[in-house]
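The values are calculated or read from the model by the stated rules, or taken from the named source; none is laboratory data. Every value quoted in this text rests on a predicted model; they were computed, and no experiment measured them. No Cβ is skipped: glycine too gets one built from the backbone with ideal geometry, and neighbour counts run over all protein chains shown. Remember, those area values only see protein heavy atoms, side chains included, never the ligands or the DNA or RNA. Shrake-Rupley method; radii C 1.70, N 1.55, O 1.52, S 1.80 Å.
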Amino acid sequence: ENGEEVRPGEVGEICVTGTRTLSGYWDNPELTEAKRVDGVPGSYRTGDLAFLGADGLFHLMGRRDDMVKLHGHRFDLGEIDAALKAHPEVRDAVAFSLSPSDEEPEIRAAVLVRSGNRLDSELRLLCAKRLPAFARPVAITQLGQFPMLSTGKIDRQALKALISTAKEKEAGAPG
């Protein structure tokens, strides 16, 4: 966080420096500066989190933008994705934090399932076995497909909006 190197074994962000590194984002000096290590021209903050192992290799731990702090605990949303993908019927999974303005943030997830079967209880049990209580999604939504960007990546913002809308409908439904 303060721009200093971390000790071996500690998790930090991979930052690259050199003459061939990021000359800048086109017509966006603010983004260019945000992606640089403070005061280091020719640097780039990748957003990838890793630690340097005793073997001299970087071991990836996730992404900076996938880290969440909830109820005093910091964790990577990728851990939830991996737990859900461990089920043989899950093709893909995405976890994210929703922060409604009037409520505490919560973890929700969406999954793509190979069959049309509902896996709600199985997925909850899987999360209970593999994740600490603070990292378990409060809801897991099964979808037929994820919204995609033109780059072929999952459109996380559209997915978050879709799940958020579904949550609002659930809240408005009579119980």
- prompt: From the phi of every residue in the stretch 13-28, what ³J(HN,Hα) in whole Hz does the Karplus formula 6.51 cos²θ - 1.76 cosθ + 1.60 yield, where θ is phi - 60° and glycine or proline is x?
  reply: 8, 6, 10, 10, 10, x, 5, 9, 9, 4, 6, x, 7, 4, 6, 9
- prompt: One-quarter of the Cα convex hull surface for the stretch 1-95, in nm²?
  reply: 9.0 nm²
- request: Using a 10 Å cut-off on Cβ atoms, rank the peptides 91-98, 70-77 from the highest mean neighbour count down.
  value: 91-98, 70-77
task: Take every Cα pair under 8 Å in the chain that's 6+ residues apart, average their separations, divide by the length, and report that relative contact order as a whole percent.
output: 14 percent
message: Multiplying the sequence separation of Leu22 and Asp92 by 0.36 nm and subtracting their Cα-Cα distance, what value in nm do you get?
response: 22.0 nm
query: What FRET efficiency comes out for the pair Arg64/Ala139, r = Cβ-Cβ distance, R0 = 22 Å, nearest 0.05?
result: 0.30
message: Show me, bin by bin at 5 Å from 0, the whole-percent P(r) of the stretch 58-99 based on Cα pairs.
response: 5, 21, 26, 23, 15, 8, 1
- line: Taking Glu89, Glu33, Glu4 and ranking on accessible area (1.4 Å, protein atoms only), highest first, one gets Glu4, Glu33, Glu89
statement: Ordered by number, the trypsin sites (Lys or Arg not before Pro) in the stretch 1-45 that occupy a DSSP loop and have at most 12 other Cβ atoms within 10 Å are Arg20
query: With the dipole of the stretch 46-159 worked out from charges on the C-beta (+1 for Lys and Arg, -1 for Asp and Glu) around the Cα centre, which of Ser121, Gln157, Leu70 lies farthest toward the positive end?
result: Ser121
statement: Options (1) 0.96; (2) 1.02; (3) 0.99 for Rg/Rh (Cα atoms, Kirkwood Rh); the value derived from the coordinates is listed as (2)
- request: At 1.4 Å probe size, with every protein chain present, just tell me what the per residue accessible area of the chain comes to in Å².
  value: 66 Å²
query: Over the stretch 84-148, what lengths in whole Å, largest first, do the semi-axes of the equivalent ellipsoid take, defined as the square roots of 5 times the eigenvalues of the alpha-carbon gyration tensor?
result: 21, 15, 9
message: Distance between the C-alpha centers of the stretch 95-154 and the stretch 7-75? Whole Å please.
response: 26 Å
task: Anything over 23 Å Cα to Cα? Flag those among Lys35/Lys153; Lys69/Lys153; Lys69/Lys129; Lys69/Lys160; Lys129/Lys160, in the order listed.
output: Lys69/Lys153; Lys129/Lys160
